[in-house]
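Chemist: This is the structure I want to talk about, given as structure tokens.
The values are calculated or read from the model by the stated rules, or taken from the named source; none is laboratory data. Quick caveat: nothing in here was measured; it's all calculated off a predicted structure. Glycine also receives a Cβ, built like all others from the backbone with ideal geometry; neighbour counts cover every protein chain displayed. These accessible areas exclude ligands, DNA and RNA; they are computed on the full protein's heavy atoms, side chains included. Shrake-Rupley method; radii C 1.70, N 1.55, O 1.52, S 1.80 Å.
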Amino acid sequence: YRGSSAGSLIEDPKYKTNIEGATKAGLKVGVYFFTQAVNEVEAVEEASMVLECIKGYDISYPVFLDVEPSGSSNGRADSLDKATRTEICKAFCETIKQYGYTPGIYANKTWLESKLDMGVLGNYKVWLAQYSSEPTYQGRYDLWQYKSTGKIDGISGDVDLNMSYLGY
């Protein structure tokens, strides 16, 4: 992920353990990167970091760019305009695609509807985050994250629950 204040690139300390454990368990795996890029150059830098991290792993699900607010009151990319944010997403996705991976955008319903131009980003996979019994997002989506308080045997604490419509 990219930090929301200084913009440093940081690898999740659990990344290698998680991807290796999932792969060893026979699960299909993908990755996502939480962006705080403020321009296309930084988006390509983020994509390059992801490509370096996934080198040597069997990535069967898309490589998603996680586009959402930082959670702090002054995230460096939180106030970007729709056009700039869309171009950042496109630069990330095109870089991922150039290396043979399937790119995608992860965002909540509000951001998909108002903070991104999905007409420009429509060729990429879409992972919708909307915690409800049924999604109300009218656009196309390939995965749906419907809960953040799921329970899975062997994992302590809450986990996100998702439905995949990718067919693989």
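Chemist: Find the residue count for the stretch 3-16, including only residues that are modelled with pLDDT of 95 or more and open to solvent by less than 100 Å² (accessible area, probe 1.4 Å).
Modeler: So the count comes out to 6.
Chemist: Additional query: Does the stretch 111-148 hold any residues that are over 16 Å from Phe92 (Cα atoms) and small (Gly, Ala, Ser), and which are they?
Modeler: Passing the criteria: Ser114, Gly119, Ala129, Ser132, Ser133, Gly139, Ser148.
Chemist: From the list Glu87, Glu94, Glu113, pick out the single residue that is without any contact (Cβ under 8 Å) to a residue 40 or more places away in the chain, open to solvent by 60 Å² or more (accessible area, probe 1.4 Å), in a helix (DSSP H, G or I) and out of contact with any Pro (no Cβ under 9 Å at 6 or more places or on another chain).
Modeler: Glu113
Chemist: Do you know which residues across the stretch 54-76 are farther than 22 Å from Gly167 by Cα, loosely packed, with under 14 Cβ neighbours inside 10 Å and not basic (Lys, Arg)?
Modeler: Passing the criteria: Gly56, Gly71, Ser72, Ser73, Asn74.
Chemist: Still on this model: So which residues in the stretch 17-53 are among the polar types (S, T, N, Q) and open to solvent by less than 40 Å² (accessible area, probe 1.4 Å)? Steps first, please.
Modeler: As a first pass, look at the stretch 17-53 and keep what is among the polar types (S, T, N, Q): 17-18, 23, 35-36, 39, 48.
If the condition is that a residue be among the polar types (S, T, N, Q) and open to solvent by less than 40 Å² (accessible area, probe 1.4 Å), then Thr35, Gln36 are the ones that fit.
Chemist: Turning to a different aspect of this structure: Within the stretch 97-110, how many residues are of a type in the set (Ser, Thr, Tyr), out of contact with any strand residue (DSSP E or B) (no Cβ under 7 Å at 6 or more places or on another chain) and outside any helix (DSSP H, G or I)?
Modeler: 1
Chemist: Name every residue in the stretch 129-157 that is farther than 20 Å from Tyr61 by Cβ, open to solvent by 90 Å² or more (accessible area, probe 1.4 Å) and under 20 Å from the mean Cα position of the chain (by Cα), in order of residue number.
Modeler: Tyr131, Gln138 - these are the residues of the stretch 129-157 that are farther than 20 Å from Tyr61 by Cβ, open to solvent by 90 Å² or more (accessible area, probe 1.4 Å) and under 20 Å from the mean Cα position of the chain (by Cα).
Chemist: Would you pick out the residues in the stretch 116-128 that are surrounded by 11 or more Cβ atoms within 10 Å (Cβ to Cβ) and either in contact with a strand residue (DSSP E or B) (Cβ under 9 Å, 6 or more places away or on another chain) or assigned to a loop (DSSP other than H, G, I, E, B) (or both)?
Modeler: Leu116, Asp117, Met118, Leu121, Gly122, Tyr124, Lys125, Val126, Trp127, Leu128
Chemist: When both residues are 6+ apart or on different chains and their Cβ atoms are under 7 Å apart, which pairs have a first residue that lies in the stretch 24-38 and is closer than 17 Å to Thr86 by Cβ, and a second that is of a type in the set (A, V, I, L, M, F, W, C) and assigned to a loop (DSSP other than H, G, I, E, B)?
Modeler: That search, which allows pairs on different chains as well, returns Thr35/Val67; Thr35/Ala77; Gln36/Ala77; Ala37/Ala77; Val38/Ala77; Val38/Leu80.
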